[in-house]
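The values are calculated or read from the model by the stated rules, or taken from the named source; none is laboratory data. These figures come from a predicted structure and were not determined experimentally. Positions of Cβ are generated from backbone atoms using ideal geometry, with glycine treated the same way; all protein chains shown enter the neighbour counts.
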Amino acid sequence: MTSIEVGILGIVLLLVLLIIRVPVGIAMIIAALAGNVILSAPGPALTKLGIDTILIAQNHSFSVIPFFVFMGMILARANIGADLYEVINGIIGRIRGGMAMATVGAGAAFGAVCGSCVASVTTIAAVAVPEMRKYKYDEGFAAGVTAVGSTLGIVIPPSTALVVYGALTEESIGQVLIGGILPGILTMILLMLTVTIVLKWKPALAPPPVKGEKIPFPWEKLKYIWAVPLIFLLSMGGIYFGFFTPTEAGAVGAFLSLLFAVLMGRLKWREFVEAVEGTIRISAMVFIILIGGKMFGSFLTRSLIPMELVEFIQGLNVPPFFIIMIILLIYTLMGPIMDEMATLVIMTPIVYPIVTALGYNGIWFGVMTIMMLLTGLLTPPVGVVSLVASSVTKVPAMKVFMSQWPFWITLIIACVLMAIFPEIILILPRMMYQ
């Protein structure tokens, strides 16, 4: 059996394991181990398994993951997401569709310090959807907008997905994180514009504001939300100007989040324990996926599949941009049927060598990858963020899914813009202090 055939066998085994619902990290470790056994022998393969696990887990740069997760857990329990929504809603809530726009803005702002789509949608949906119901918004539209805005948490740093991509490809994690800032802001603006367009087309989804009626501005909430820009600027600004490594920035953000929550009286002991438990659980899951992804990528490299694919694609008489569009389309199609982290760790070892061999920037492709995965967070049957929004708000899942297709198109348009104009992603990383 040739190495290429072993590589194909490993990919098939991985897909079978995923179909029977083996956790993605474990499935990748099993597939990599089986492939290495065939390529070498059981003894060396098992030795490699033990050594690789220790080396990957001991990598200091990966410690940024639990710091960012802990930061998000603390701020979610401090109810910052709800405060952000109330303040933004107090500013723009009385324009047509303003509450929906405020929901998108709150999702983006909370994502800037949380990094978890699930935490974001859980926090914001609980306050935004009841408020929109009160003002006669269509419940499917309200829950759908909440889910859409919350997806921005995986592209706006701190983002665990961006960190995992950087770890898998050995691109600069700091540059990959900074590269997500402008795409996140641009996508947020486009989604807000989509709210306006949708309501021009279907005005019944959100009634016009009653003349003379005002939404009181929640002045008392300002004493809480100042922490959001401060934590973001200190952690991400520290990376940008070279004051911190990503790990140090994560530690600073986590410490400031904890200090803020305690000083503001927003964190009881029980909630602190829950945040620690959640951090351990999520970090362990991410590390298993990361270990599996690195092992599977190493196995694929031994099988020579990525190199053969590079040679094959370079031999095709088609423009490189066309190949990139096909790859991004594959990501989009995989989103509805596979968890976004599974898609990321399975596809990256295969397509990253192809993208870089075609002359494209690895940081650009990393952010583009995460952008394409946004649609999968919304689309059935997986659509985890939409399902969480449905669960929190008690709005039927089908109503949530049906309300989102205009926003799904907007996300694709945002991706196309960043593919055509890569400087949207690369300008900030290139200006970073080196």
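Among the numbered conditions (1) modelled with pLDDT under 90; (2) over 14 Å from Ile324 (Cβ atoms), tell me where Ile363 comes up short.
So the condition that Ile363 fails would be (1).
For Ser403, indicate whether it is more than 18 Å from the chain's Cα centre (by Cα) and surrounded by fewer than 19 Cβ atoms within 10 Å (Cβ to Cβ).
So Ser403 fails the test.
For Lys394, which of the numbered conditions (1) at positive phi; (2) of a type in the set (Lys, Arg); (3) at pLDDT 90 or above fails to hold?
The single condition Lys394 does not satisfy is (3).
Looking only at residues that are surrounded by fewer than 22 Cβ atoms within 10 Å (Cβ to Cβ) and in a loop (DSSP other than H, G, I, E, B) in the stretch 366-395, which one is farthest from the chain's Cα centre (by Cα)?
Per the criteria, the residue is Lys394.
Pick from Glu131, Glu86: which is surrounded by fewer than 21 Cβ atoms within 10 Å (Cβ to Cβ) and more than 24 Å from Ala249 (Cα to Cα)?
Criteria check complete, one pass: Glu131.
State the number of residues belonging to the stretch 398-432 that are free of Cβ contacts under 8 Å to residues at least 40 places away in the same chain and in contact with a Gly (Cβ under 8 Å, 6 or more places away or on another chain).
0
Looking only at the stretch 25-66, count how many residues are in contact (Cβ under 8 Å) with a residue 60 or more places away in the chain, over 20 Å from Leu15 (Cα atoms) and not hydroxyl-bearing (Ser, Thr, Tyr).
The total comes to 10.
Which one of the conditions (1) at negative phi; (2) in contact with a Leu (Cβ under 7 Å, 6 or more places away or on another chain) does Val388 fail to meet, given that it meets all the rest?
(2)
Just checking: which of the helices (runs of 4 or more DSSP H) contained wholly in the stretch 134-248 hold 1 or more residues that are of a type in the set (Lys, Arg) and either modelled with pLDDT under 85 or under 18 Å from the mean Cα position of the chain (by Cα) (or both)?
Once the helices (runs of 4 or more DSSP H) in the stretch 134-248 are filtered for at least 1 residues that are of a type in the set (Lys, Arg) and either modelled with pLDDT under 85 or under 18 Å from the mean Cα position of the chain (by Cα) (or both), what remains is 222-225.
Given the options Ile173, Ile225, Ile239, name the one that is within 28 Å of Ile92 (Cα to Cα), touching a residue at least 60 places away in the same chain (Cβ under 8 Å) and among the hydrophobic types (A, V, I, L, M, F, W, C).
Ile225
So which residues in the stretch 158-175 are more than 20 Å from Ala254 (Cα to Cα) and of a type in the set (A, V, I, L, M), if there are any at all?
Ala167, Leu168 - these are the residues of the stretch 158-175 that are more than 20 Å from Ala254 (Cα to Cα) and of a type in the set (A, V, I, L, M).
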